[in-house]
Amino acid sequence: MRLKLDSASTTSSVGVLHRRALLQCAAFALTSLAPTLPTHAISATTMSGKSKPELGVILVDEPKQAGSSITAEVVLADGQIATIGFEPEPKWSLEVGGYYDIEARSKDGDSAFVQLAPLPKGKSLDSLKPSWFTAQVLGVEGRYGSYGAPIDIKVLADTTSGATRSFDVSFTALSPGMAEVPRRAVLTATQGGSGDVIMLVSGTSSTRWKKSGGEAAARKASSSFRVLSTRPSALKQEASADYRYGKTSGPSTMSSRNDGF
């Protein structure tokens with residue numbers, strides 16, 4: 001059976017198809033003109049919904065700063081609470097609000113922050129490869145991964161002193177404008193008698209590392225890092241044990257940037 005097509009409908013359908021084809025061509029042209037991001041970058045859509053970095057820190061109470069000394073209590077995986085502390089440069093200030101865990105920063109972008117990671121079964125702090133530490137700290141979900149995973153990662157030194165192991169590292173991170181920014185840092189790790197590796201990462205841009213006292217400031221914070229005490233606790237290492245659980249992320253005036261620069 002043949003269907004008789006109305007000429008007006010046919011003309012209208014052809015017009016719609018013609019316009020659709022033109023729109024598709026225009027969309028393709030715009031896409032081809034869009035800048036290509038580095039392969040390790042995160043798209044603008046992803047950035048807009050990116051959450052706080054995953055640092056493994058469950059806080060018992062708000063971190064405290066007295067003079068240049070910063071202390072905080074964290075929940076460990078094996079039924080303990082550890083009091084940890086470090087002393088950055090006097091001009092560094094403790095970052096506040098639910099977005100941050102334990103972090104101090106200078107107005108020039110130098111910073112130091114605490115991160116925890118479970119010790120792999122059957123391993124000790126001394127037996128872990130340097131790449132294990134950099135994988136924990138320099139991933140896309142870490143402190144420097146807001147705009148894409150850091151690249152060009154190099155371990156320049158690996159030293160052990162007592163129960164503490166330290167690494168000098170260099171890497172390249174992405175800025176909010178997608179520029180590649182070389183950085184240097186000191187990664188200091190200890191256990192404090194627990195099954196967690198407790199780390200302090202202190203660093204700055206490569207430009208400030210040598211010329212503006214960035215290296216000295218990073219090493220000062222790193223060398224002061226300590227597990228001051230531990231005590232038994234019934235708290236579990238889970239989000240509900242954190243004093244911030246269920247609260248807002250802080251006052252409206254609080255800076256919540258996570259660019260690390």
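Computed from the coordinates by the stated procedures, all read-outs in this text should not be read as laboratory data. Just so it is clear, the model here is predicted, and its values are computed rather than measured. Using ideal geometry, Cβ is built from the backbone for each residue, glycine included, and neighbour counts are taken over all protein chains shown.
With a 10 Å Cβ neighbour count serving as the proxy for reagent exposure, in which order, fewest first, do Tyr245, Tyr99, Tyr147 appear? Walk me through the numbers on the way to the answer.
Working: Tyr245 12, Tyr99 18, Tyr147 28.
Fewest to most other Cβ atoms nearby, the residues stand as Tyr245, Tyr99, Tyr147.
Relative contact order for region 52-237 using alpha-carbon pairs under 8 Å, separation at least 6, rounded to a whole percent? Mind dumping the intermediate values first?
Values: 416 pairs, mean separation 47.8, N = 186.
Answer for region 52-237 is 26 percent.
Taking the Cβ of each residue in Leu156, Leu138 as the centre, tally the other Cβ atoms inside 10 Å and list the residues starting with the fewest. Provide the component values of the computation, followed by the final result.
Details: Leu156 10, Leu138 22.
By the 10 Å Cβ count, ascending, the order reads Leu156, Leu138.
Work out how much length Ser93 to Ser175 would gain on full extension: take 0.36 nm times their residue separation and subtract the Cα-Cα distance, in nm to one decimal.
On the way: separation 82, 0.36 × 82 = 29.52 nm, distance 2.19 nm.
In short, 27.3 nm is gained.
What's the ranking of 84-94, 125-135 by average number of surrounding C-beta atoms within 10 Å, highest first? Write out the running numbers ahead of the final one.
Values: 84-94: 18.8, 125-135: 14.5.
So the order, starting with the most tightly packed, is 84-94, 125-135.
So if we plug the beta-carbon distance of Ala241 and Asp152 into 1/(1 + (r/R0)^6) with R0 = 35 Å, what FRET efficiency do we get, rounded to 0.05?
Working: r = 37 Å, r/R0 = 1.06.
Using R0 = 35 Å, I get an efficiency of 0.40.
Reachable lysines from Lys236, Cα under 29 Å, same-chain residues fewer than 8 places away excluded?
Reachable lysines: Lys50, Lys52, Lys64, Lys121, Lys123, Lys129, Lys247.
Zone of Lys210 (label point 7 Å along Cα→Cβ, backbone N under 16 Å): which residues in region 158-202?
Answer for region 158-202: 169-171, 182-185.
What is the distance in Å between the Cα centroid of region 201-240 and that of region 136-167?
With region 201-240 and region 136-167 each reduced to a Cα centre, they are spaced 12 Å.
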